[in-house]
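Below is one structure; the comments refer to it alone.
Values quoted throughout were computed directly from the atomic coordinates according to the rules given, and no laboratory measurement underlies them. Keep in mind that this is a model prediction, so the values were computed, not measured. All Cβ positions, glycine included, derive from the backbone under ideal geometry; neighbour counts span all protein chains shown.
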Amino acid sequence: MSADDKPEPDTDTAAEAEAEAEAESPAVETDAVETESHADTAEPAPPTRTRRATRVSITAIVLAVALVASAALTGWLYFTQYRPDQQTSQAVSDSVLTTAKDGTVALLSYSPDSLEQDFTAAKSRLTGDFLSYYTQFTQDIVTPAAKQKSVKTTAAVVRAAVSQLTPGSAEVLVFINQNTTSAENPEGAFAMSAVRVGLTRINGAWLISSFDPV
């Protein structure tokens, strides 16, 4: 075969090869763009988690502050307003004891010459249903008898002790000596007795709310 007889390059085949190469290039670029797009989309995730964690931390701090404030308020109320040992101290016990003793003497001591003043003084130490009972009893029974028979009674406390004490109520056991004279018995009659005196605290003052013989 001569040089002139060498086969000429197939131009159609070369053109097809170039077209295929160009067609494949955009695909590679597209894949690269898609990869970059996915990478851009995935990157914001860490900031989102950070913001969420920040909100959780702030919420935890707020709750902690609220709990501390609540505990502080509870402690303040307990130590200043409701602490039992502050409202049932020795001073309170002494006050209750004095009120019960003085009230018992006032309730059981009266004279026909000063009945109204005696009963008024006694009623100032009472409260509740017992005040109503004492008012009715002295008016309907004691006053007529004391005036008609000149009854006079004098009571003295021999001994007394607080048996129960809370911030709002108390109970005191009182032992009494009582002497009663009248027109029929001018020499007088002596008696010993004991009463359980119940007291209630109203507006800071202790008042007798019950008076029961033992």
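Between segment 175-214 and segment 117-165, the C-alpha centres lie 7 angstrom from each other.
Computed on segment 147-214, with alpha-carbon pairs under 8 angstrom and 6+ residues apart, the relative contact order is 27 percent.
Label point of A194 set 7 angstrom out along Cα-Cβ; within segment 96-123, amide nitrogens under 18 Å from it belong to 97, 100-101, 104-105. Using C-alpha pairs below 8 Å separated by at least 6 residues, the relative contact order for segment 81-177 is 35 percent.
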